[in-house]
Amino acid sequence: MPEAWLHALVGGLMIGGAAALMLLSLGRVAGVSGLSARAAGLAETGAPPGLALSFIIGLPLGAWLMARLIGGVALHFPPSAAALVVAGLLVGFGTRLGSGCTSGHGVCGMSRFSTRSVLATLVFMASGVATVALMNLAGLP
Amino acid sequence: MKQISLALLSGMLFGAGLTYSGMANPAKVRGFLDIFGAWNPALMFVMGGAMLPMLIAWRVQARLKAPLAAPRFSLPQDLRRIDGKLLAGAALFGIGWGVAGLCPGPGLTDLALAPRHAALFVLAMLGGMALFKAVTSRIVPEATKAFGSEEG
């Protein structure tokens, strides 16, 4: 088993463990798009804003600790700022319209065998695959 | 205070997992989505690994009357409603995910690892969410209330 696969598996177990902690202790789904909208005051319903905000603050905090623990992480971002802005707008609008993202629909919803979440996950996976394929065809980085 | 600490702990474990798994690296995510090109399947194991604890957690949840540190469960109820909003939203989200290789969790996580890039993405993401809120509250005031089923 290649090392990257093992890292992916162990990291995945941590993500699932975090979502399980949220579900069994606080009785809520660890959906990052919904929680960030609540934390930013951009959603009418959902978790109490303070609770949402502390989960959201936990994300970079946990990342910082993990990066220190394993001696740094290499990240590669798209070269243009425009790509990040366009992507962010689509991700923000799309996850609100579709009521969830990779965590809410993908991790929490699929493991609950929610028809909505399974379908949403298939759609965003397919649309992500198509987007990367089309960008490659067009020669976009 | 207990609830706030548990939410923080859950977020930290989530962010640490995203970092360790490779999911926080946009190039790796785009490689995973590039199934017609130089496909890198490693991140399939992230989803697989995340499923395991959650499959067990849902079984435990079904036997609990209330969560361990909150008065009641507040979970999405309507698990079968398929509508245009769900499909269009997922499709738009997928396009954004493909363009930059970032979904909300990794975007926020990367604030600690690559602050400038991540901040640009996160600000735009919040802009997209604000746009959604503005559009739904002006055009269809009921729509925001109809989002009771929030997988989020």
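Miscellaneous remarks
- Among the residues of the range A:40-57, the ones that are surrounded by fewer than 22 Cβ atoms within 10 Å (Cβ to Cβ) and in a helix (DSSP H, G or I) come to 4 in all.
- Every test in (1) at pLDDT below 95; (2) within 21 Å of A:MET22 (Cβ to Cβ); (3) crowded, with 17+ Cβ neighbours inside 10 Å is passed by B:ALA57 save one, and that test is (1).
- If you go through the range B:91-107 and keep only what is part of a helix (DSSP H, G or I) and open to solvent by less than 10 Å² (accessible area, probe 1.4 Å), you end up with B:PHE93, B:GLY94, B:GLY96, B:TRP97, B:GLY98, B:ALA100, B:PRO104, B:GLY105, B:PRO106, B:GLY107.
- Failed item in (1) at the interface with chain B (Cβ under 7 Å from one of its Cβ atoms); (2) over 16 Å from B:SER5 (Cα atoms), with A:ALA43 passing the rest: (1)
- Residue in the range A:58-67 that is touching a helix residue (DSSP H, G or I) at 6+ places or on another chain (Cβ under 8 Å) and either in a loop (DSSP other than H, G, I, E, B) or touching a residue at least 12 places away in the same chain (Cβ under 8 Å) (or both) present: yes
Condition check ((1) of a type outside the set (Val, Ile, Thr); (2) surrounded by fewer than 21 Cβ atoms within 10 Å (Cβ to Cβ); (3) at the interface with chain B (Cβ under 7 Å from one of its Cβ atoms); (4) touching a residue at least 40 places away in the same chain (Cβ under 8 Å)) across all residues:
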{"site": "A:PRO78", "(1), (2), (3), (4)": "yes, no, yes, yes"}
{"site": "A:ALA81", "(1), (2), (3), (4)": "yes, yes, yes, no"}
{"site": "A:VAL85", "(1), (2), (3), (4)": "no, yes, yes, no"}
{"site": "A:PHE93", "(1), (2), (3), (4)": "yes, no, yes, no"}
{"site": "A:LEU97", "(1), (2), (3), (4)": "yes, no, yes, no"}
{"site": "A:VAL132", "(1), (2), (3), (4)": "no, no, yes, no"}
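- Test for A:ALA19: is it facing another protein chain (nearest Cβ under 7 Å) and either modelled with pLDDT under 95 or more than 19 Å from B:GLN61 (Cα to Cα) (or both): no
- Search result, residues across the range B:108-123 that are facing another protein chain (nearest Cβ under 7 Å), open to solvent by 10 Å² or more (accessible area, probe 1.4 Å) and either under 14 Å from A:PRO78 (Cβ atoms) or among the small types (Gly, Ala, Ser) (or both): B:ALA112, B:ALA114, B:HIS117, B:LEU120
- Taking the range A:99-118 as the range and being buried (at least 19 other Cβ atoms within 10 Å of the Cβ) and either modelled with pLDDT under 95 or among the aliphatic types (A, V, I, L, M) (or both) as the test, the residues that pass are A:VAL107, A:MET110.
- The residue that is farthest from B:PHE121 (Cα to Cα), counting only those in the range A:68-80 that are in a loop (DSSP other than H, G, I, E, B) and not small (Gly, Ala, Ser), is A:ILE70.
- Only one entry in A:ALA37, A:ALA83, A:ALA30 is in contact with a Leu (Cβ under 9 Å, 6 or more places away or on another chain) and in a loop (DSSP other than H, G, I, E, B), namely A:ALA30.
The values are calculated or read from the model by the stated rules, or taken from the named source; none is laboratory data. Just so we're clear, the structure is a prediction, and the values are computed from it rather than from any experiment. In this analysis, Cβ positions are derived from the backbone assuming ideal geometry, glycine residues included, and neighbour counts consider all displayed protein chains. Heavy atoms of the whole protein, side chains included, go into the accessibility calculation; ligands, DNA and RNA do not. Shrake-Rupley method; radii C 1.70, N 1.55, O 1.52, S 1.80 Å.
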